[in-house]
Every structure is written in C-alpha cells, then in structure tokens.
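The values are calculated or read from the model by the stated rules, or taken from the named source; none is laboratory data. Every value quoted in this text rests on a predicted model; they were computed, and no experiment measured them. Methodologically, a virtual Cβ is constructed for each residue, glycine included, from the backbone with ideal geometry; neighbour enumeration extends over all protein chains shown. These accessible areas exclude ligands, DNA and RNA; they are computed on the full protein's heavy atoms, side chains included. Shrake-Rupley method; radii C 1.70, N 1.55, O 1.52, S 1.80 Å.
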Amino acid sequence: MSAAPAAAARKPAAKSARTRAREFALQALYQHLVGRNDAAAIDAYTRDLSGFAKADAAHYDALLHGCVAEAAELDALIEPLLDRRLQELSPIEHAVMWIGAYEFRHCLDVPWRVVINECVELAKSFGGTDGHKYVNAVLNGLAPRLRAPEVEADRAAGRARGARKQTGGA
C-alpha cells in the first residue's frame with residue numbers, strides 16, 4: 001500500500017519577501033490611483049497591515065514612492081502599447097503595469113522574465129478575470145525597449161518566447 005502521492009504532501013512554496021512587497025505596493029498604488037491619497041499617508045497605513053513585517057520593506061518603498069514619483073514617465077512608456085485609453089485601464093492593471101515598468105527601469109537585479117511573471121501573478125490574484133493576459137502582453141512589449149540586451153540574450157538562447165512560463169520569486 002502506498003502513501004499519499006508526494007505532490008499532495010508538498011506545501012505550497014512560501015511567498016518571497018519581494019513578492020509580498022509587490023503585493024503591498026500594489027494595494028498602496030491602488031489607493032493612490034483610486035483615492036488620490038497622499039503616498040506618505042498610504043505608506044503609513046500599509047505598514048500597519050497584517051503581514052507587512054514579512055515583506056521586503058526597501059523594495060516596497062522603492063515601488064510605492066518610485067511609481068508615484070515617476071507616474072507620468074511610466075504612463076508614457078505604457079500608453080503606446082495599450083489598445084485603449086490609459087483612463088480605461090482598471091486601477092489594478094494600471095498599478096501592476098507601473099510596477100513592471102518601474103522594475104524594468106530600476107531593479108536590474110530582477111530578470112525581465114521574473115518581472116513579467118510576478119506582475120502577471122499580481123494581476124491574477126488582484127485583478128479581473130483576464131486582466132493578467134493584458135498585463136502580460138503590455139509588459140512583453142515593453143521589455144525589449146527597457147531591457148534590450150537582456151531580452152536579446154534570451155532570444156539568442158531561444159528562451160524569450162516562453163517568458164510567461166518562467167517562475168521566480170525575486
């Protein structure tokens with residue numbers, strides 16, 4: 001008689017501190033986009049939420065304050081890749097795209113495929129039914145502009161097409 005399958009015995013992988021930071025940053029950016037709340041007030045509120053202690057606080061700070069400070073530049077990067085007006089994006093998709101564009105520009109230690117994967121997972125968890133597909137398409141269009149050498153190296157190695165299938169917790 002065999003025991004339960006090994007797969008059933010495995011626990012889901014714990015979320016990384018950076019994944020948690022992205023989740024808290026997304027919630028904070030949502031408050032900024034929808035409520036037009038001040039980033040400092042949002043920051044103070046978010047830091048008191050349950051589970052924040054397990055997040056990478058430095059990464060959260062960079063995402064929240066960086067996205068708010070660079071909102072116009074991030075929108076200018078994203079907008080040409082949209083099939084609708086920026087104002088028609090859901091606030092979740094908009095915030096997730098900000099996070100992706102910001103990480104492409106400033107978090108060079110995070111591979112471009114991981115940036116896309118993490119953003120797609122955020123959109124799946126917090127967004128509408130198919131919003132993650134839209135986020136994936138837009139960020140896949142943006143990656144070659146902001147991470148050209150990295151994307152080209154992956155293309156040369158034959159890895160660029162399956163970017164969404166990669167996993168990561170950076």
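Any residue at all in the range 109-118 that is in contact with a His (Cβ under 9 Å, 6 or more places away or on another chain) and either assigned to a helix (DSSP H, G or I) or under 17 Å from L77 (Cα atoms) (or both)?
The answer is no, given that none of the residues of the range 109-118 is in contact with a His (Cβ under 9 Å, 6 or more places away or on another chain) and either assigned to a helix (DSSP H, G or I) or under 17 Å from L77 (Cα atoms) (or both).
Being under 15 Å from T19 (Cβ atoms), aromatic (F, W, Y) and in a helix (DSSP H, G or I) is true for just one of Y60, Y45. Which residue is that?
Y60
Taking the stated definitions as given, is A58 over 24 Å from E88 (Cβ atoms), open to solvent by 50 Å² or more (accessible area, probe 1.4 Å), free of Cβ contacts under 8 Å to residues at least 60 places away in the same chain and among the aliphatic types (A, V, I, L, M)?
Here the answer is yes, as A58 does meet what is asked.
Restrict the check to the range 119-132 and report whether at least one residue is open to solvent by 70 Å² or more (accessible area, probe 1.4 Å), of a type in the set (G, A, S), within 26 Å of A14 (Cβ to Cβ) and not in a loop (DSSP other than H, G, I, E, B).
Checked against the condition, which is being open to solvent by 70 Å² or more (accessible area, probe 1.4 Å), of a type in the set (G, A, S), within 26 Å of A14 (Cβ to Cβ) and not in a loop (DSSP other than H, G, I, E, B), the range 119-132 yields at least one hit.
Is the range 75-92 home to any residue that is among the polar types (S, T, N, Q) and more than 17 Å from Q27 (Cα to Cα)?
At the first step, the residues of the range 75-92 found to be among the polar types (S, T, N, Q) are 87, 90.
Then drop every residue that is not more than 17 Å from Q27 (Cα to Cα), which leaves 87.
So far as the range 75-92 goes, yes, one or more of its residues are among the polar types (S, T, N, Q) and more than 17 Å from Q27 (Cα to Cα).
Filter the range 133-142 down to the residues that are within 19 Å of L29 (Cα to Cα) and open to solvent by less than 10 Å² (accessible area, probe 1.4 Å) and list them by number.
V135, V138, L139
Does the range 79-95 contain at least one residue that is more than 25 Å from A40 (Cα to Cα), within 12 Å of the chain's Cα centre (by Cα) and either touching a residue at least 40 places away in the same chain (Cβ under 8 Å) or open to solvent by less than 30 Å² (accessible area, probe 1.4 Å) (or both)?
No, the range 79-95 has no match at all.
So E152 passes all but one of these: (1) under 17 Å from C67 (Cα atoms); (2) open to solvent by 10 Å² or more (accessible area, probe 1.4 Å); (3) free of Cβ contacts under 8 Å to residues at least 60 places away in the same chain; (4) of a type in the set (D, E). Which condition number does it fail?
Condition (1) is where E152 drops out.
Only one of (1) open to solvent by 10 Å² or more (accessible area, probe 1.4 Å); (2) modelled with pLDDT of 95 or more is not met by V115, so which one is it?
Against the list (1) open to solvent by 10 Å² or more (accessible area, probe 1.4 Å); (2) modelled with pLDDT of 95 or more, V115 comes up short only on (1).
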